[in-house]
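Taking it in order: structure first as structure tokens, then the write-up.
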Amino acid sequence: MRVRREEIAPLLWGWLYVFSLLCAYYIIRPIRDTISTVAGANTLPWLFSAVLVTMLLLQWPYNFLTQRLPRERFIAYSYHFCSLILLLFAALFFLPGGLNNRWVGRIFFIWVSVFNLFAVSVFWALIVDVFDTRRGKRLFGLLAAAATVGAIAGSTVTALLARHLSTSALLVLSALLVQISVFSAVRLSRRGAQLKKPAEETTGNMLVNETAKNVLTPLLAGIRQTIKSPYLLGICGYILFYSVTSTLLYFQQASIVRQAFSDESQRTAFFASVDLAINILTLLCQLTVTGRIISRFGTPYTLALLPFISIIGFAWLGWAPSLSILVGFTILRRAVNFALARPSREILFTVVSKQEKYHAKVFIDTLVYRTGDQIGAWSYQALSVLGLALAPMAIFSVALACGWMLLSFLLGKSQEKISFKSP
């Protein structure tokens, strides 16, 4: 992979940007997951709903500011605000009884969930504006590797220090890393301007262009396009199956971990260790087998691999619900998703029109995905109300995964058929 001289500085700043950002997130992610074990199964569905509502409420001010602020100022103000929120939570957790205040914990859970989506969205919005399609094909892989390395670093920090440092100290460290992201993002924006042609410089000042100002426009267009296309409806089904089963596993994880660890610092260290293992396995797969597996077995079998693993994992978890089985299943499932399923999902969109890639994908990646979260959360709640134990819930998850695997194979075959017919 050849990197041109003028691309070195923007690439290095982009690398530092996403590394520090993902490192900051993966330091606080285990803390959020620990809060989920404290909240319990009755509260978690409401927290998931609150995340969705918060995202929808923040969408208008987000789009309003991106249209009116220069790119560098918007990014700097946004990440400075995130750092201040982290420091505020650090102060609240430092106060006597702060860690045991359930409302502080719940608000922190919601905020971290929204912060993750917002921070990554802003990063990619800047990256796709700095690097055009031609450069992106060569350089985005390096940036994706930086994100994985940052996730590994953040998970390592929390796994090693959760038992020795307070939660407040970890939040302060995360806030400092966000500030490094600000510094890197501003330099990336300035260096990236040198890559653009003079005619493009005026369009790169804002984070969004005129055609994308109204967030409802692509969303409504995406809904119409998806309803008219059986192929896009199939992709919706795939995303729903994935999101629902992921949420069901998350709730089962919270239940098992709550029983396995009585101390919250131990839970935080446990979640960080799991994240670390997932990201290391993901990186190894990305560097060695991802391209080979997708090329050799094709889209149908690669797409069907994740639901197949889910069938085995949920069945095993229902038969013998233990921490060791949960850990093995979670690590393998999420690593396969990051390394194989996610690239395969993107391949599905290579055979649709340009309008569908923009509009329908926005609809599927946002509203459909979060709808799956809600279905999974409230399904778990309904099963709990019926008094069903972990084993029946696992059987329900296995049934979903069986339908998911069949859909995955048929969807992959459709993609190959459409691709073969395309000129």
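The values are calculated or read from the model by the stated rules, or taken from the named source; none is laboratory data. Model, not experiment: these values are computed from the prediction. Glycine gets a Cβ as well: all are built from the backbone with ideal geometry, and neighbour counts include every protein chain shown.
Within region 105-119, track down each residue that is surrounded by fewer than 19 Cβ atoms within 10 Å (Cβ to Cβ) and among the polar types (S, T, N, Q).
Asn116
Out of all the residues in region 38-86, which are part of a helix (DSSP H, G or I) and among the polar types (S, T, N, Q)?
Result: Ser49, Thr54, Gln59, Asn63, Thr66, Gln67, Ser78, Ser83.
When you scan region 63-93, how many residues do you find that are modelled with pLDDT of 90 or more and either aromatic (Phe, Trp, Tyr) or in contact with a Cys (Cβ under 9 Å, 6 or more places away or on another chain) (or both)?
5
Checking the condition surrounded by 19 or more Cβ atoms within 10 Å (Cβ to Cβ), without any contact (Cβ under 8 Å) to a residue 40 or more places away in the chain and touching a Leu at 6+ places or on another chain (Cβ under 9 Å), which residue from Ile309, Ile235 passes?
Working: Ile235 fails: without any contact (Cβ under 8 Å) to a residue 40 or more places away in the chain.
Testing whether each residue is surrounded by 19 or more Cβ atoms within 10 Å (Cβ to Cβ), without any contact (Cβ under 8 Å) to a residue 40 or more places away in the chain and touching a Leu at 6+ places or on another chain (Cβ under 9 Å) leaves just Ile309.
Would you confirm whether any residue within region 30-48 is surrounded by 14 or more Cβ atoms within 10 Å (Cβ to Cβ), without any contact (Cβ under 8 Å) to a residue 60 or more places away in the chain and not aromatic (Phe, Trp, Tyr)?
Looking for residues that are surrounded by 14 or more Cβ atoms within 10 Å (Cβ to Cβ), without any contact (Cβ under 8 Å) to a residue 60 or more places away in the chain and not aromatic (Phe, Trp, Tyr), one finds none in region 30-48, hence no.
Does at least one position in region 225-242 carry a residue that is in a helix (DSSP H, G or I) and under 26 Å from Ile27 (Cα atoms)? Show your work before the answer.
So the first thing to find is which residues in region 225-242 are in a helix (DSSP H, G or I), and the list is 225-228, 230-242.
Then drop every residue that is not under 26 Å from Ile27 (Cα atoms), which leaves 242.
Yes, there is a match, as at least one residue in region 225-242 is in a helix (DSSP H, G or I) and under 26 Å from Ile27 (Cα atoms).
If the Cβ limit is 7 Å and pairs must be 6+ apart or interchain, which residue in region 361-387 that is farther than 21 Å from Ala401 by Cβ pairs with which residue that is of a type in the set (Gly, Ala, Ser) and buried (at least 18 other Cβ atoms within 10 Å of the Cβ)?
Close Cβ pairs satisfying both conditions: Val362/Gly222; Phe363/Gly222.
Touching a helix residue (DSSP H, G or I) at 6+ places or on another chain (Cβ under 6 Å), among the hydrophobic types (A, V, I, L, M, F, W, C) and closer than 20 Å to Val274 by Cβ: is that true of Leu411 in this structure? Before you say what the answer is, go through the steps one by one.
Numbers: touching a helix residue (DSSP H, G or I) at 6+ places or on another chain (Cβ under 6 Å): yes; among the hydrophobic types (A, V, I, L, M, F, W, C): yes; closer than 20 Å to Val274 by Cβ: no.
For Leu411, the condition - touching a helix residue (DSSP H, G or I) at 6+ places or on another chain (Cβ under 6 Å), among the hydrophobic types (A, V, I, L, M, F, W, C) and closer than 20 Å to Val274 by Cβ - is not met.
Answer with yes or no whether Asn100 is free of Cβ contacts under 8 Å to residues at least 40 places away in the same chain, assigned to a loop (DSSP other than H, G, I, E, B), of a type outside the set (A, V, I, L, M) and within 22 Å of Phe271 (Cα to Cα).
Numbers: free of Cβ contacts under 8 Å to residues at least 40 places away in the same chain: yes; assigned to a loop (DSSP other than H, G, I, E, B): yes; of a type outside the set (A, V, I, L, M): yes; within 22 Å of Phe271 (Cα to Cα): yes.
Considered against the rule, which asks whether it is free of Cβ contacts under 8 Å to residues at least 40 places away in the same chain, assigned to a loop (DSSP other than H, G, I, E, B), of a type outside the set (A, V, I, L, M) and within 22 Å of Phe271 (Cα to Cα), Asn100 comes out as yes.
Can you name every residue in region 317-330 that is surrounded by 17 or more Cβ atoms within 10 Å (Cβ to Cβ) and either closer than 28 Å to Val362 by Cα or more than 23 Å from the chain's Cα centre (by Cα) (or both)? Spell out how you get there, then give the answer.
In the first step, residues of region 317-330 are kept if they are surrounded by 17 or more Cβ atoms within 10 Å (Cβ to Cβ); the result is 317-318, 321, 326-327, 329-330.
Of everything in region 317-330, those that are surrounded by 17 or more Cβ atoms within 10 Å (Cβ to Cβ) and either closer than 28 Å to Val362 by Cα or more than 23 Å from the chain's Cα centre (by Cα) (or both) turn out to be Leu317, Gly318, Pro321, Thr330.
What single numbered condition from (1) of a type outside the set (A, V, I, L, M); (2) under 20 Å from Leu233 (Cβ atoms); (3) modelled with pLDDT under 90 fails to hold for Ser384?
Among (1) of a type outside the set (A, V, I, L, M); (2) under 20 Å from Leu233 (Cβ atoms); (3) modelled with pLDDT under 90, Ser384 violates only (2).
Just one of Leu139, Leu86, Leu173 is under 19 Å from Leu12 (Cα atoms), within 22 Å of the chain's Cα centre (by Cα) and buried (at least 19 other Cβ atoms within 10 Å of the Cβ); which is it?
Working: Leu86 fails: under 19 Å from Leu12 (Cα atoms); Leu173 fails: under 19 Å from Leu12 (Cα atoms).
One residue alone meets the criteria, Leu139.
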